[in-house]
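Trainee: To start, I am sharing the structure in question, which I have written as structure tokens.
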């Protein structure tokens with residue numbers, strides 16, 4: 001039984017191009033399947049999350065991270081009686097617009113675009129992917145996803161000023177997104193905060209004592225585990241403490257979001273959309289613990305000296321390739337040269353780079369100017 005304020009597939013605002021209903025899949029299930037079969041989805045397998053394969057083949061990449069976010073999102077949506085098909089589609093699409101080399105790549109591409117009077121926003125780029133870049137159907141460009149999935153792609157993690165973004169005015173920028181979309185940014189946080197502690201420990205860049213001293217909630221759980229399993233291997237104690245942290249974040253998000261919705265007397269989807277603030281949130285106590293964990297990761301991992309050389313290389317490679325194709329647009333592939341009749345050169349170059357995998361961009365950089 002869906003909650004009264006959940007999004008219902010039969011009440012979808014539809015697709016840009018009308019299509020007959022499928023005999024055994026609802027519109028959001030079809031969107032999920034179209035995303036899974038998209039080329040951009042497959043490319044995430046070779047896009048850095050935090051660690052490159054220099055450390056291990058076991059670490060998360062964009063694709064495995066996305067699968068983890070989808071699993072967490074479905075679990076939470078089921079407990080809140082939200083539309084799990086829509087939630088899953090949004091989770092699978094939430095990182096679709098990221099460029100190669102993780103956040104270092106995004107930072108470099110945004111800097112390059114700002115030098116040309118523009119910017120790079122991975123949510124807006126993901127919308128361009130599903131609206132235009134994917135070519136699979138003879139009747140239209142893009143994946144022709146439902147309004148609700150396209151809206152959630154751009155609004156799941158932030159609100160956009162209608163005056164600053166008239167190009168996406170159709171997506172009800174003056175309203176909050178449905179709860180199904182509001183969840184995604186927080187399930188993303190749950191996934192990468194816990195996964196990055198895990199991968200950082202596996203990479204031997206973070207030690208248990210270091211995490212315990214910097215993340216008090218982890219220290220509390222690790223102490224409990226030590227008492228319960230004093231003879232266990234350190235790695236297994238670490239895993240159990242991390243599992244308990246993971247469960248705390250998921251349970252708190254479910255309970256606090258449900259309480260906020262109930263306390264506000266929300267009954268319909270329109271009530272959710274018209275509310276002045278988002279409902280999906282952690283409690284104040286757990287939000288503080290989540291923030292401490294995130295700050296620890298920034299301080300001890302993301303900005304660590306060990307990862308700095310790769311981040312610097314990533315920023316340099318993207319910057320040099322961007323400048324190269326700005327100087328020599330004739331060196332762009334034919335499909336991108338053809339786009340120059342409709343779009344400005346900086347945006348075309350940006351689109352080309354953003355779609356690359358880590359492997360492909362390294363090959364392009366190696367052959368630059370030849």
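Trainee: Have a look at 236, 206, 245 and point out the one that is assigned to a helix (DSSP H, G or I), crowded, with 21+ Cβ neighbours inside 10 Å and in the same structural domain as residue 123 (by TED's automatic domain parsing).
Mentor: When all the criteria are applied, what remains is 245.
Trainee: Mind counting the residues in region 14-28 that are crowded, with 17+ Cβ neighbours inside 10 Å and out of contact with any strand residue (DSSP E or B) (no Cβ under 8 Å at 6 or more places or on another chain)? Outline the logic, then answer.
Mentor: Narrowing region 14-28 to residues crowded, with 17+ Cβ neighbours inside 10 Å: 15, 26-28.
Filter once more, keeping what is out of contact with any strand residue (DSSP E or B) (no Cβ under 8 Å at 6 or more places or on another chain): 26.
Count: 1.
Trainee: Tell me yes or no: at least one residue of region 32-42 is within 30 Å of residue 255 (Cβ to Cβ) and in a loop (DSSP other than H, G, I, E, B).
Mentor: No; the residues of region 32-42 include none that is within 30 Å of residue 255 (Cβ to Cβ) and in a loop (DSSP other than H, G, I, E, B).
Trainee: Can you say whether residue 123 is assigned by TED's automatic domain parsing to the domain that holds residue 250, touching a helix residue (DSSP H, G or I) at 6+ places or on another chain (Cβ under 9 Å) and either closer than 18 Å to residue 68 by Cα or assigned to a helix (DSSP H, G or I) (or both), as far as the supplied structure shows?
Mentor: It is true that residue 123 is assigned by TED's automatic domain parsing to the domain that holds residue 250, touching a helix residue (DSSP H, G or I) at 6+ places or on another chain (Cβ under 9 Å) and either closer than 18 Å to residue 68 by Cα or assigned to a helix (DSSP H, G or I) (or both).
Trainee: Out of all the residues in region 264-284, which are more than 20 Å from residue 152 (Cβ to Cβ) and either outside the structural domain of residue 171 (by TED's automatic domain parsing) or over 25 Å from the mean Cα position of the chain (by Cα) (or both)?
Mentor: 264, 265, 267
Trainee: Would you call residue 128 modelled with pLDDT of 95 or more, under 20 Å from residue 177 (Cβ atoms) and assigned by TED's automatic domain parsing to the domain that holds residue 40? Break it down stepwise before answering.
Mentor: On the way: modelled with pLDDT of 95 or more: yes; under 20 Å from residue 177 (Cβ atoms): yes; assigned by TED's automatic domain parsing to the domain that holds residue 40: yes.
Considered against the rule, which asks whether it is modelled with pLDDT of 95 or more, under 20 Å from residue 177 (Cβ atoms) and assigned by TED's automatic domain parsing to the domain that holds residue 40, residue 128 comes out as yes.
Trainee: Considering only residues that are closer than 14 Å to residue 177 by Cβ and either touching a strand residue (DSSP E or B) at 6+ places or on another chain (Cβ under 7 Å) or free of Cβ contacts under 8 Å to residues at least 60 places away in the same chain (or both), which ones fall in region 256-275?
Mentor: The one that is closer than 14 Å to residue 177 by Cβ and either touching a strand residue (DSSP E or B) at 6+ places or on another chain (Cβ under 7 Å) or free of Cβ contacts under 8 Å to residues at least 60 places away in the same chain (or both): 270.
Trainee: List pairs: first residue in region 231-250 and more than 20 Å from residue 290 (Cβ to Cβ), second residue surrounded by 12 or more Cβ atoms within 10 Å (Cβ to Cβ) anywhere in the structure, Cβ distance under 6 angstrom, at least six positions apart or on different chains.
Mentor: These pairs meet every condition: 237/225.
Trainee: Here is a further query. Report, ordered by the first and then the second residue, all pairs with beta carbons closer than 6 Å, sequence separation of six or more or different chains, a first member in region 210-230 that is closer than 14 Å to residue 296 by Cβ, and a second member that is outside any helix (DSSP H, G or I).
Mentor: Between residues of region 210-230 that are closer than 14 Å to residue 296 by Cβ and residues that are outside any helix (DSSP H, G or I), there is no close pair.
Trainee: Let me ask you something else. Looking only at region 209-233, count how many residues are surrounded by 18 or more Cβ atoms within 10 Å (Cβ to Cβ) and over 26 Å from the mean Cα position of the chain (by Cα).
Mentor: First, the residues of region 209-233 that are surrounded by 18 or more Cβ atoms within 10 Å (Cβ to Cβ): 211, 215, 217-218, 221-222, 225.
Narrowing the set further to residues that are over 26 Å from the mean Cα position of the chain (by Cα) leaves 221-222, 225.
Residues meeting the conditions: 3.
Trainee: Could you please find all residues in region 357-370 being more than 14 Å from residue 319 (Cα to Cα) and touching a residue at least 12 places away in the same chain (Cβ under 8 Å)?
Mentor: 357, 358, 359, 360, 369
Trainee: If I ask for residues that are surrounded by 15 or more Cβ atoms within 10 Å (Cβ to Cβ), modelled with pLDDT under 95 and not in a helix (DSSP H, G or I), which ones from region 299-349 would you list?
Mentor: 304, 307
Trainee: Looking at 88, 131, 151, can you tell me which residue is surrounded by fewer than 23 Cβ atoms within 10 Å (Cβ to Cβ) and part of a helix (DSSP H, G or I)?
Mentor: On the way: 88 fails: surrounded by fewer than 23 Cβ atoms within 10 Å (Cβ to Cβ); 151 fails: surrounded by fewer than 23 Cβ atoms within 10 Å (Cβ to Cβ).
Going through 88, 131, 151 in turn, just one is surrounded by fewer than 23 Cβ atoms within 10 Å (Cβ to Cβ) and part of a helix (DSSP H, G or I): 131.
Trainee: Among the residues of region 100-113, is any farther than 26 Å from residue 297 by Cα and touching a residue at least 24 places away in the same chain (Cβ under 8 Å)?
Mentor: Narrowing region 100-113 to residues farther than 26 Å from residue 297 by Cα: 112-113.
Those still in the list that are touching a residue at least 24 places away in the same chain (Cβ under 8 Å) too: 112-113.
Scanning region 100-113, I find at least one residue that is farther than 26 Å from residue 297 by Cα and touching a residue at least 24 places away in the same chain (Cβ under 8 Å), so the answer is yes.
The values are calculated or read from the model by the stated rules, or taken from the named source; none is laboratory data. Quick caveat, the model's predicted, so the values are computed rather than measured. FYI the Cβ positions are ideal-geometry reconstructions off the backbone, even for glycines, and counts take in every protein chain you see.
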